[in-house]
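A short write-up of the structure that comes next.
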Amino acid sequence: ASLAEDLTVALAAGDQLHVHYQPVVTLPGGDVHGYEALVRWQHPTRGPVAPLQFVPIAEQTGTVVALGAWVLRRATRDAAAGLAGQPGPSRVAVNVSAVQLADAGFVQSVRDALADSGLPARRLVLEVTESLLADDLDTASARLQELRDLGVRIAIDDFGTGYSSLSYLRRLPVDVVKVDRSFVADLARGGAATTLVASVVELARSLALDVVAEGVETPEQLATLVELGCTYAQGYLLGRPAPLPAATPARS
Ligand code: G
Ligand code: G
Ligand code: MN
Ligand code: NA
C-alpha cells in the first residue's frame with residue numbers, strides 16, 4: 001500500500017500516531033512557558049515515519065484535514081489534563097497546514113476540540129507558516145481573525161524563510177512570531193542573521209508580539225538571544241520533543 005493509504009489506516013487504527021511535546025521556555029529565566037505538539041507516526045512495518053515525509057503527502061491527498069483534527073484533539077486533551085504533570089503551565093501550540101486552514105470546517109474543528117477537552121482557548125496556540133499566508137493574505141487574514149475571535153492565539157512559524165516582510169506582521173492578526181531555526185543556527189556576533197533576529201525582536205516589541213527563537217542548540221546562541229531581548233526560546237538545548245510520561249502503573 002502507498003504511504004497515503006497507510007496513513008488513512010493509521011488514523012483509523014488509533015495506536016500508530018502519537019504526539020510528542022517540546023518545551024518553549026521564557027527568557028532569560030528559563031521557566032517553561034508551554035509546549036509545541038509534534039506528530040509522530042510509528043508505522044507497523046516501516047518503523048518511524050518522519051512528518052517531513054508524510055505531512056506533504058497528507059496535504060496532497062487531503063488527509064491532512066483528518067490528521068490535523070486528530071492532533072488538535074489529542075493536544076487539547078493532553079493540555080487540559082495537565083500534560084501528565086510536565087513542568088510549567090499547560091499551554092500547547094499545534095502546527096496547522098495551509099490545506100487545513102483553507103478547509104471550510106477548520107474553525108468549527110477548533111471550536112469542537114476546545115469544547116470537548118475543556119481547554120481554555122487562551123492556552124491554545126495555532127502555528128501557521130508565513131508562506132501559506134503569502135498566497136492569499138486577505139483570505140488567510142480573515143480566517144485567522146475568526147480563530148482569534150475564539151480566544152486562540154496565532155503564531156507565525158518559520159518566520160524569515162518565506163516571502164513575507166516584517167510589514168506583514170502589522171497586517172495579520174498575530175500574537176507570536178517564531179524565528180526560523182536557520183537564523184538561530186547562523187547567530188554569530190555581527191552576522192546577517194543577528195541583524196534579522198534583532199529586527200524581528202524590535203518590531204515584535206513595538207507590536208506587542210511574543211518572539212520565540214526556534215532550534216536553540218548551544219549556550220552561545222541562547223546568550224545572544226537573551227542579549228537581543230528575545231522573549232522565548234525552543235530547541236534541543238532546552239528540551240527535545242518527547243512523549244508525555246506514561247502514567248505510573250499501579251502496584252500489584
Ligand atoms: O517534529 P519534526 O521536526 O520532525 O517536524 C517536521 C515538520 O513537520 C515541521 O515543519 C513541523 O511543523 C511539521 N509538523 C509536525 N507535527 C505536525 C502536525 O501535527 N501538523 C502539521 N501540519 N505539521 C506538523
Ligand atoms: O516547522 P516547525 O518549526 O514546526 O518545526 C519544528 C521541528 O523542529 C520539529 O520537527 C522539531 O523536532 C525540530 N526541532 C526542535 N528543536 C530543534 C533543534 O534545536 N534543532 C533542530 N535541528 N531541530 C529542532
Ligand atoms: Mn512549529
Ligand atoms: Na518553525
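The values are calculated or read from the model by the stated rules, or taken from the named source; none is laboratory data. These numbers were taken from a predicted model, which means no experiment stands behind them. As a convention, Cβ positions derive from the backbone with ideal geometry for all residues, glycine included, and neighbour counts pool all protein chains shown.
Annotations for the structure displayed:
- Filter result for G62 (away from ligand 3 (no atom under 16 Å from the Cβ), without any contact (Cβ under 8 Å) to a residue 24 or more places away in the chain and either surrounded by fewer than 17 Cβ atoms within 10 Å (Cβ to Cβ) or closer than 20 Å to S90 by Cβ (or both)): no
- Yes/no for S165 being more than 20 Å from V125 (Cβ to Cβ) and either modelled with pLDDT of 95 or more or under 21 Å from the mean Cα position of the chain (by Cα) (or both): yes
Quick grid of which residues meet (1) over 17 Å from V64 (Cα atoms); (2) modelled with pLDDT of 95 or more; (3) under 17 Å from the mean Cα position of the chain (by Cα); (4) away from ligand 4 (no atom under 16 Å from the Cβ):
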site: V92; (1), (2), (3), (4): yes, yes, yes, no
site: L101; (1), (2), (3), (4): no, no, yes, no
site: L126; (1), (2), (3), (4): no, yes, yes, no
site: D135; (1), (2), (3), (4): yes, no, no, yes
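- Only one entry in D175, D157 is of a type in the set (D, E, K, R), within 16 Å of ligand 1 (Cβ to nearest atom) and under 16 Å from the mean Cα position of the chain (by Cα), namely D157.
- Test: A142 is in a helix (DSSP H, G or I) and within 23 Å of R73 (Cα to Cα): no
- Some residue of the range 106-125 being among the aliphatic types (A, V, I, L, M), touching a helix residue (DSSP H, G or I) at 6+ places or on another chain (Cβ under 6 Å) and not in a helix (DSSP H, G or I): yes
- Checking the stated criteria, T161 turns out not to satisfy the condition of being out of contact with any strand residue (DSSP E or B) (no Cβ under 6 Å at 6 or more places or on another chain), polar (S, T, N, Q) and either more than 15 Å from ligand 2 (Cβ to nearest atom) or under 21 Å from L237 (Cα atoms) (or both).
- Looking at V184, V226, just one residue is within 18 Å of G29 (Cβ to Cβ) and touching a residue at least 40 places away in the same chain (Cβ under 8 Å), and that residue is V226.
- Among the conditions (1) hydroxyl-bearing (S, T, Y); (2) assigned to a loop (DSSP other than H, G, I, E, B); (3) within 16 Å of ligand 3 (Cβ to nearest atom), Y35 misses just one, which is (2).
- Residues located in the range 211-224, provided they are within 15 Å of ligand 2 (Cβ to nearest atom), surrounded by fewer than 23 Cβ atoms within 10 Å (Cβ to Cβ) and either among the small types (G, A, S) or not in a helix (DSSP H, G or I) (or both): E214, G215, E217, T218
- Scanning the range 42-52 for residues that are surrounded by 13 or more Cβ atoms within 10 Å (Cβ to Cβ) and more than 16 Å from ligand 4 (Cβ to nearest atom) yields Q42, H43, V49.
- All positions within the range 154-204 that are among the acidic types (D, E) and buried (at least 16 other Cβ atoms within 10 Å of the Cβ): D157, D158, D175, D180
- Selection of the range 174-198 for residues being over 17 Å from V125 (Cβ atoms), outside any loop (DSSP other than H, G, I, E, B) and of a type in the set (K, R) yields only R181.
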